[in-house]
Amino acid sequence: MGRFVLAFFFLAASFSLRVACAADLPAYKAPPPMLAASPWRVGVGMRYWFSSGNHKYDFYNSYIPDLLISRLTFGDLTGHSAETFFRVDHESGVFLKGFLGGGTLASGKLNDEDTVAAMFGGYSNTVHVQSGGSLKYVTVDLGYDFVETRLPTGQPIRIGSFVGYNNFHERMNSFGCAQVLLNTEVCATVPPNAVTYPTSLDGLDFDAAWNSLRVGLGGDVELLPGLRASLEAAWIHSWLWNTDYHNFRPNIRGVQQSGEGDGFQLEGLLSYDLTPRFNVGVGGRYWQFSAPGKDYGESRVGRLSTPIYSFSQRYGVYLQAGYRFGGPGDPTGAGDFGPLFGKAEPEPHEWGGVYLGGHVGYGFAAAKDTTLAARSPEAAILQSDARAPFSQRSDIAGFVGGGQIGHNWRLHPLLVAGLETDFAYANIGGSFGASVDFGEGDNLRNFATSTKRLLESLGTVRGRFGVLPRDDVMVYATGGFAYGQISARGALGEGNRFCALNFYCSAGAYSGLATGWTVGAGFEYAVARNWTFKAEWLYVDLGRQDYAINAFGGSVADEFPANFAASSASATHLIRTGLNYRIDWHEPEGPMIAAD
């Protein structure tokens with residue numbers, strides 16, 4: 001609590017410093033407006049963030065806290081995410097800013113090191129493939145600009161302090177298991193029948209959620225006319241909540257961990273004004289979280305909670321497009337919809353014609369079923385014994401990004417019809433792994449089931465019908481044909497000795513182009529004569545994908561072929577933001593992007 005009392009006094013001191021600076025430094029004032037101007041200035045926009053990162057989890061001995069027993073290291077976690085951002089400034093210096101993002105962890109690996117302390121047994125290091133993970137994050141800050149003036153060279157500069165909240169959640173899924181050092185108790189069988197776990201098996205998943213309060217400084221300066229640089233740094237205090245899914249070990253599947261610690265966040269941006277309101281930019285970001293804590297898995301069996309240490313970092317570059325309106329320097333900020341929503345140009349926007357653009361977005365779905373139907377008596381026996389499930393459910397999430405081209409027709413002063421097609425890279429999916437123990441004592445065995453679904457690309461051909469509540473704003477409904485590349489797979493088998501002689505194993509996969517339909521709605525706003533921002537929601541249904549899961553290896557050799565018919569559902573919600581450029585086939589005289 002003491003840290004946040006200090007943060008309060010930090011902002012109060014910032015206010016005092018602003019007052020002092022106002023007395024000593026020449027304050028820049030915009031030219032007198034021709035019309036009534038708003039005291040508020042608003043900026044909104046979209047970003048694409050390409051990032052990498054890692055997450056490390058150390059597990060210590062319950063009775064000797066400094067004795068490291070196990071370590072999970074998720075590394076080279078390549079992320080793609082889409083963001084929307086905003087900033088609201090008042091002429092008094094108070095501001096509110098933030099952003100919301102989501103995406104996918106498309107690739108990476110896991111190193112699982114066990115019995116790190118040699119006194120507890122042989123050292124083991126296994127490597128697993130990370131695929132189909134996800135990212136979700138949000139930041140909101142309240143602050144005050146205590147310096148807003150001009151440098152001696154004439155460039156405007158602004159410096160402020162802020163306090164805020166950040167939530168960062170990452171889901172990591174790992175598949176397969178390969179030994180770096182042979183330890184037959186982990187994921188390899190005894191030679192000559194040694195077989196490692198295939199990548200069709202989802203063996204270990206990890207959910208890490210960091211909730212942070214942050215205190216920081218930030219500012220921006222105009223380097224050249226239209227070219228602006230900004231930088232901010234924040235110290236954070238975080239509360240961690242992890243969930244560990246060891247899918248081949250039911251006794252520790254779903255174990256929860258918590259912790260508390262400190263970290264920091266850095267961000268910088270270089271942006272350029274294409275018009276006085278419309279800008280594009282490139283930025284960089286680095287986040288670091290760390291926390292000692294407790295693992296509560298041992299407490300399930302009456303033992304002490306176990307000390308742990310967690311560490312996450314994520315870093316990368318982003319591209320953004322933004323738009324500003326309102327404020328003392330923008331007299332047209334007093335638009336038809338009030339002081340915060342002005343027009344980019346005085347002339348009516350021309351909606352008709354051909355346009356092209358790009359979009360980024362986040363896809364998600366409620367847990368969808370993968371059903372498993374027995375195709376052999378042996379498979380029916382496994383389901384009746386509750387070793388194999390009848391269905392599995394996995395949460396779907398990930399990134400989508402691509403381009404679009406279309407044509408609009410102005411039917412009426414208030415109505416627009418259009419046709420649009422788009423195509424995008426996608427990494428939207430989810431997986432589920434679980435297992436059950438059966439038998440007793442030396443005959444205790446484990447049976448595992450894994451399923452996964454991934455949307456790898458997406459295209460649509462859609463009609464659009466829009467209404468113009470104002471000549472520069474269109475609200476539209478859309479729907480039509482959808483198609484995409486989908487992969488799905490499933491596997492079942494002995495969780496301790498997958499596919500060794502006398503053990504059951506079955507696997508199957510689907511990969512192909514699926515077709516279906518889509519419907520949605522959106523909002524498009526003209527930010528310059530030829531440019532529009534858009535935000536839209538789409539629901540995409542690509543039907544169900546059916547494939548066979550057939551027995552092989554030890555199942556066939558032991559005359560116990562467990563064959564199943566799998567069916568995976570593919571329906572996804574998309575939230576996308578984009579930028580369109582309307583092509584002037586008969587360009588009038590003057591610049592293509594008119595100054596406001």
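The values are calculated or read from the model by the stated rules, or taken from the named source; none is laboratory data. Just so it is clear, the model here is predicted, and its values are computed rather than measured. For neighbour counting, all protein chains shown are included, and Cβ atoms are generated from backbone atoms with ideal geometry for every residue, glycine included.
Tabulated results
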| item | result |
| --- | --- |
| Check on V556, β-branched (V, I, T) and farther than 30 Å from G459 by Cβ | yes |
| For G327: the one exception among (1) buried (at least 19 other Cβ atoms within 10 Å of the Cβ); (2) at pLDDT 95 or above | (2) |
| Scan of region 373-400 for residues that are touching a Gly at 6+ places or on another chain (Cβ under 7 Å) and crowded, with 16+ Cβ neighbours inside 10 Å, ordered by number | S394, I396, A397, G398, F399, V400 |
| Meets criteria (in contact with a Leu (Cβ under 8 Å, 6 or more places away or on another chain), at pLDDT 85 or above and polar (S, T, N, Q)) for S124 | no |
| Residue match in region 57-68 (condition: under 26 Å from L213 (Cα atoms) and touching a Phe, Trp or Tyr at 6+ places or on another chain (Cβ under 6 Å)) | yes |
| N427 among the polar types (S, T, N, Q) and more than 22 Å from the chain's Cα centre (by Cα) | no |
| Filter pass, W239 being at pLDDT 95 or above and under 22 Å from D145 (Cα atoms) | no |
| Of all residues in region 241-283 being part of a strand (DSSP E or B) and in contact with an Asp or Glu (Cβ under 7 Å, 6 or more places away or on another chain), the one that is nearest to T126 (Cα to Cα) | Y245 |
| Residue check, N446 over 28 Å from the mean Cα position of the chain (by Cα), modelled with pLDDT under 90 and assigned to a strand (DSSP E or B) | yes |
| Filtered residue count, region 94-105, keeping only those that are surrounded by fewer than 19 Cβ atoms within 10 Å (Cβ to Cβ) and either of a type in the set (G, A, S) or at pLDDT below 95 (or both) | 1 |
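A quick yes/no check of all residues on (1) within 19 Å of P225 (Cα to Cα); (2) in contact (Cβ under 8 Å) with a residue 24 or more places away in the chain; (3) of a type in the set (A, V, I, L, M):
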| residue | (1), (2), (3) |
| --- | --- |
| H237 | no, yes, no |
| D244 | no, yes, no |
| N251 | no, yes, no |
| S258 | no, yes, no |
| D262 | no, yes, no |
| L269 | yes, yes, yes |
| Y272 | yes, yes, no |
| T275 | yes, yes, no |
| N279 | yes, yes, no |
